[in-house]
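J.: First the structure, then my questions, so here it is.
The values are calculated or read from the model by the stated rules, or taken from the named source; none is laboratory data. This is a predicted model, so every value here is computed, not measured. Note that each Cβ is placed from the backbone with ideal geometry, even for glycine, and that neighbours are counted across all protein chains shown. For the accessible areas, the whole protein counts, side chains as well, though only heavy atoms, and no ligand, DNA or RNA atoms are used. Shrake-Rupley method; radii C 1.70, N 1.55, O 1.52, S 1.80 Å.
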Amino acid sequence: MNHFLDIHLTDPAALRSMIESASAMKAARNGRGLAAPDDETPLAGRMVALIFEKPSTRTRVSFDVGVRQMGGQTMVLSGSEMQLGHGETIADTARVLSRYVDLIMIRTYEESVLQELAEYASVPVINGLTNRTHPCQIMADVMTYEEHRGPIAGRKVVWVGDGNNVCASFLHAAGQFGFDFTFTGPPPLDPEVEWLEFARGKGIAVEIVRDPFAAVEGADLVVTDTWVSMHDSQSIRERRHNMLRPYQVNERLMAAAKPDVLFMHCLPAHREDEVTSAVMDGPHSVIWDEAENRLHAQKAIMRWCLGV
Ligand code: CP
């Protein structure tokens, strides 16, 4: 049994095998309708619980569709409607769910909830986002980069804006997949030192460059995310916007990167805030492939967790 809790906690060879498996499953579907099952149905007879304590469009739909394509069934649960939201402990919830389902995916606030769930569950647990990390997203992002441009190892990825949970998982991936990583944003929003040190410890180049135009020089991939995350209070909105306005990803910034640079955003985006529509809908953007690849990458993650 394998939990998929974070990219830095997962063996690089296993991460690579998941990317290969995701690409193979995508190729095998060959554009067939989303509702159609795969030729292989490794999750037949399996039940997957999808727990959401925060809103979601992509994670919810892609996990649900992915399980069904592989022949399994899902149960989508909202944290507030479970006893978990009304005083039952995480450990007890983990023990009980393990008697009913084969796999648990959870999107939650505190990382400690994910960790405790995994500690007490006797079935695999997948991190569908916490305040600190978003590993499933970055598995899809690595897959998307490689689909368009070949191996990501040795490439330069530039994160623009808030060093948030998605940025954290990109730093983990930089260390595990061997690509260089530059962060550009205001000092109060730097990524956590622990994650910077993790990536640096893997021997890759990790830089913080305050000038966004200098940062994107030579970039193979430019990535950004919303300026206010789901777990942030809306009261910081105006301050964040003032701080991050110089870090908007627009055509002028993209022009300072390599001519064949790609643009990614995990979505949902706030058009004309962190990124302009011209970039989102422009020639460098691969955001819709990135969203689709959540489906394929997570199918591979689930198969790895279950060993099927
Ligand atoms: N990128 C992402 O996780 O999207 P959702 O919040 O819609 O799941």
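J.: Which of (1) hydrophobic (A, V, I, L, M, F, W, C); (2) within 22 Å of M254 (Cβ to Cβ); (3) assigned to a loop (DSSP other than H, G, I, E, B) is the odd one out, the single condition A153 does not satisfy?
T.: Going through the list (1) hydrophobic (A, V, I, L, M, F, W, C); (2) within 22 Å of M254 (Cβ to Cβ); (3) assigned to a loop (DSSP other than H, G, I, E, B), A153 breaks only (2).
J.: Taking the range 49-82, which residues are surrounded by 18 or more Cβ atoms within 10 Å (Cβ to Cβ) and away from the ligand (no atom under 16 Å from the Cβ)?
T.: Residues satisfying the conditions are A49, R68, Q69, M70, G72.
J.: In the range 29-48, how many residues are loosely packed, with under 14 Cβ neighbours inside 10 Å and either at pLDDT 95 or above or touching a Lys or Arg at 6+ places or on another chain (Cβ under 6 Å) (or both)?
T.: Of the residues in that region, 2 qualify.
J.: Let me ask something else about it. Spot the failing condition for E192; the list is (1) touching a residue at least 40 places away in the same chain (Cβ under 8 Å); (2) within 16 Å of the ligand (Cβ to nearest atom); (3) within 18 Å of L129 (Cα to Cα); (4) open to solvent by 20 Å² or more (accessible area, probe 1.4 Å), and only one is missed.
T.: (2)
J.: Continuing with the same structure: For the range 93-132, name all the residues that are within 16 Å of the ligand (Cβ to nearest atom) and either touching a Cys at 6+ places or on another chain (Cβ under 8 Å) or in a loop (DSSP other than H, G, I, E, B) (or both).
T.: T108, Y109, I126, N127, G128, L129, T130, N131, R132
J.: Within the set of pairs 6+ apart or on separate chains, which have a first residue in the range 10-29 that is farther than 18 Å from F198 by Cα, a second that is among the charged types (D, E, K, R), and C-beta atoms under 6 Å apart?
T.: M25/K299
J.: When the residues of the range 209-241 are narrowed to those that are of a type in the set (A, V, I, L, M) and in contact with a Ser or Thr (Cβ under 6 Å, 6 or more places away or on another chain), which ends up surrounded by the fewest Cβ atoms within 10 Å (Cβ to Cβ)?
T.: For the range 209-241, the residue satisfying everything is V209.
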